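Right, one structure below, let's go through it.
Nothing in this text is a laboratory measurement; each read-out follows from the coordinates by a stated rule. Values in this document were obtained by computation on a predicted structure and should not be read as measured data. Quick reminder, even Gly has a Cβ in these numbers, built from the backbone with ideal geometry, and neighbours come from all protein chains shown.
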Number of protein chains: 2
Amino acid sequence: MAKVTKINHIAIAVNNIEESLAFWQGALGLSLSHIEDVPSQKASVAFIPTGDSEVELVRPTDETTGVAKFLKDRGPGMHHLCLEVDDIDGMLEQLKEKGVRLINETAQVLPGRKMAFIHPKSANGVLVELYQITE
Amino acid sequence: MAKVTKINHIAIAVNNIEESLAFWQGALGLSLSHIEDVPSQKASVAFIPTGDSEVELVRPTDETTGVAKFLKDRGPGMHHLCLEVDDIDGMLEQLKEKGVRLINETAQVLPGRKMAFIHPKSANGVLVELYQITE
């Protein structure tokens, strides 16, 4: 049976990464790992290691993305919870068998990871991302 | 300087803990540690260890709480992010010096932990809870 191993990250939708870092880095004292353009998400992302997980600040670089819509509708806030799994293909099968509604029926394969989203309707209103680290 | 050491938990506001566990425990396969009435929060909470952190399902037991209002206004979803710190009193001083708006100016002392909330206005719309484990 596929397993969840940890919280990989919490993604926070923000309008301005530099201003947001004033809180997470400047006030809380967390360390910024790096800021990266993530073309697959059409976003710029600040990666902030927090214990064995990360806080990610996500600023959309395109107005058509889910994060851009979230920001427009609700303003900044927690956008999704990413859980790391040991076997994402097995986990997606397991979820389908249980009747869980998926946004991605099969995992997207990206450099270093495979990922898929579970629909919030099946997860208490939480947009849950699944990651399997592959390298 | 006080430090954030990890994500202690993500709190998810739910209407019904048993139904919610069908997803987190039944489908994802996470293990339920226990369900507890938490009088200080006027809530029933299911504790679900997830790697070095926890997912907590929070069902209000009183209609006047922030979680009850959140559920009524927005439905189930991620309610707050709890960061564990090594020195909560030092952290609150540090945050005040940086002009961060706090919900609790001083930590509440509870059995086994000290806690305080940061106002979402200062944290990109995220309700951030701080915990210091004291035993």
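Quick notes on this structure:
- Residues B:64, A:134, B:50 in ascending order of nearby Cβ atoms (within 10 Å, fewest first): B:64, A:134, B:50.
- Amide H within-cut-off set for residue B:131, under 5 Å, with H built and near neighbours excluded: B:83, B:84, B:85
- Per-copy distances of the residue B:105 label point, shortest first, in nm (7 angstrom along Cα→Cβ): 5.8
- Working note: Karplus 6.51/-1.76/1.60 with θ = phi - 60° gives segment B:9-18 the couplings 7, 10, 9, 10, 7, 9, 8, 8, 5, 4 Hz, where Gly and Pro are set to x.
- When the helices of the protein assembly as shown are scored as -39500 (n - 2.57) per DSSP H run of n ≥ 4 and the total is divided over every residue, the value at 222 nm lands at -5000 deg cm²/dmol.
- In Hz, Karplus ³J(HN,Hα) per residue of segment A:96-107 (6.51, -1.76, 1.60; θ = phi - 60°; x = Gly, Pro): 4, 4, 8, x, 6, 7, 10, 7, 10, 5, 10, 6
- By the count of neighbouring beta-carbon atoms within 10 Å, fewest first, A:91, A:1 end up ordered A:1, A:91.
- Ascending count of other beta-carbon atoms within 10 Å, so fewest first, for B:42, B:96: B:96, B:42
- Sorted from greatest to least, the principal axis extents spanned by the alpha carbons of the protein assembly as shown come out as 47, 41, 34 Å.
- Here the spin labels are modelled as points 7 Å beyond Cα on the Cα-Cβ line, and at residue B:119 and residue A:65 they lie 3.0 nm apart.
- Residue separation of residue B:134 and residue B:102 scaled by 0.36 nm, minus their Cα-Cα distance, works out to 9.4 nm of gained length.
- Relative to the Cα centre, the charge distribution of segment A:4-133, modelled as +1 at Lys and Arg Cβ and -1 at Asp and Glu Cβ, gives a dipole magnitude of about 420 debye.
- Residues whose amide H comes within less than 5 Å of that of residue B:53, counting only those at least five positions distant or on another chain, are A:7 (H built at 1.01 Å from N in the peptide plane).
- For residue B:121, the distances from its label point to the matching points in the remaining copies are 3.7 nm, ordered from shortest, with each point set 7 Å beyond Cα toward Cβ.
- Vicinal HN-Hα couplings computed from phi for segment B:52-61 (Karplus, 6.51 cos²θ - 1.76 cosθ + 1.60; Hz; Gly/Pro x): 8, 10, 9, 9, 10, 9, 10, 10, x, 10
- The label-point distance for residue A:47 and residue B:109, in a model that sets each label 7 Å from Cα toward Cβ, rounds to 4.2 nm.
- When residue B:33 is represented by a point 7 angstrom out along its Cα-to-C-beta vector, the spacings to that point in the other copies are 2.4 nm, nearest first.
- Long-range tail of P(r) for chain B (Cα pairs > 20 Å, %): 46 percent
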